Amino acid sequence: MLDFIASPEISSILFFGNTLFQYATALTIFLGLYVVFWLVEQLVLSRLTVAALRTETEVDDTLINIVRSIRPPMYVFIALYISIQFLAVHQAINLGVKSLVLIFLVWQAATVIDVFIDYIAQKRMGEEATGAPIGMLKLASKFILWSIGLLLVLSNLGIDITSLVTGLGIGGIAIALAVQNILGDVFSSLAIYFDKPFEVGDFIEVGEHKGTVEKIGIKTSRIRSLQGEELVVSNVDLTSARIKNFKKMEKRRAAFTIGVSYQTTHASLKQIPGMIEKIIVDQGKMVEFGRAHFKMFGESALIFEVVFFVLDSDYDLFMDLQQQINLDILAAFDKKKIEIAYPTQTIHVVK
């Protein structure tokens, strides 16, 4: 067919400034490039799929999603732009196709960044990688990309964008200064989301306030206090404060003292640490004995200090075990006739 079109009679025929042979050449290049792009995509996908089956990491799966996100229109416009370079076309058509290629490149880059953000969030957050912060991050990245893409298109069309870039820079600085407090809360929200100092459902202490986290918003977070009211705290305050997260505890330490009267015999005093240790050990696997010692001579009691650990962060469980240990200590002391001391004063009157 090319030989027929390349004949002198046919090749001399002009349509819109190009011969049939030039059109045939451009069409061949267009179809060839499209097929090559498609074959390269399929080859890359097949190699990545094989590699993903051999590894346990999620990087291969993310690369597969990125390659699959490339749409056929992207190939069409790139192949079209390259093929029309072999034709004598009006400059407006060339600029129009080039602008469309830039738009699709920006759109494709935004899609790739979305996949990448989802991967980072999934890697960091697991199944919780959803919500406003991720959507906000995607929106911000798309806004930046489309702004750059628009400037490139305008520059490609011959429009001087110097003043526009300068105006956008000054306007961006003015907006940033006007909403710096809001932006601080927004970035703090992202810091909380990715760093995870606490999550929804955690019991935390911030300054003099304690409560359960109910919501982590873009600007503020909600905490339900022990008294029942809702505390609305700025995210900036949360990221700049020292936070105690009680849910992160693997075990809870308990230390308490108990005093016995000065009338307790030496033999009984020696038995008390062992008695208390047995009582704590008998509570089961959720309790770990620390120590029990005769610590000091008090004003009206002989003081023993006891330490044990509850292997769970549940406060209700901790209090149940503490209560049972206290009751068992009272029962054991009562059985051994050991008297628990209470504040007393003995007054000696000298005649």
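The values are calculated or read from the model by the stated rules, or taken from the named source; none is laboratory data. This one's a predicted model, so the numbers in the text were calculated from it and none came from an experiment. Neighbour counts are summed over all protein chains in view; Cβ atoms, including those assigned to glycine, are modelled from backbone coordinates with ideal geometry. In case anyone asks, the SASA skips ligands and DNA or RNA and just uses the protein heavy atoms, side chains included. Shrake-Rupley method; radii C 1.70, N 1.55, O 1.52, S 1.80 Å.
Annotation: SER221 fulfils all but one of (1) open to solvent by less than 80 Å² (accessible area, probe 1.4 Å); (2) out of contact with any Phe, Trp or Tyr (no Cβ under 8 Å at 6 or more places or on another chain); (3) modelled with pLDDT under 90; (4) part of a loop (DSSP other than H, G, I, E, B); the unmet one is (4). All told, LEU39 meets the bar of being over 30 Å from PHE143 (Cα atoms), exposed (fewer than 12 other Cβ atoms within 10 Å of the Cβ), of a type outside the set (S, T, N, Q) and modelled with pLDDT of 70 or more.
For every residue, the table says whether it meets (1) surrounded by 14 or more Cβ atoms within 10 Å (Cβ to Cβ); (2) among the polar types (S, T, N, Q); (3) touching a residue at least 60 places away in the same chain (Cβ under 8 Å); (4) more than 27 Å from ASN245 (Cβ to Cβ).
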site: SER268; (1), (2), (3), (4): yes, yes, yes, yes
site: ILE276; (1), (2), (3), (4): yes, no, no, yes
site: LYS285; (1), (2), (3), (4): no, no, no, no
site: HIS293; (1), (2), (3), (4): no, no, no, yes
site: MET296; (1), (2), (3), (4): no, no, no, yes
site: VAL307; (1), (2), (3), (4): yes, no, no, no
site: LEU317; (1), (2), (3), (4): yes, no, no, no
site: GLN323; (1), (2), (3), (4): no, yes, no, no
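Scanning the range 244-258 for residues that are modelled with pLDDT under 85 and open to solvent by 60 Å² or more (accessible area, probe 1.4 Å) yields LYS244, LYS247, LYS248, GLU250, LYS251.
Restricted to the range 200-218, and to residues there that are in a strand (DSSP E or B) and of a type in the set (Asp, Glu), the residue that is surrounded by the fewest Cβ atoms within 10 Å (Cβ to Cβ) is GLU214.
Of all the criteria given as (1) part of a loop (DSSP other than H, G, I, E, B); (2) farther than 30 Å from LYS210 by Cβ; (3) open to solvent by 100 Å² or more (accessible area, probe 1.4 Å); (4) not aromatic (Phe, Trp, Tyr), the one not satisfied by SER300 is (3).
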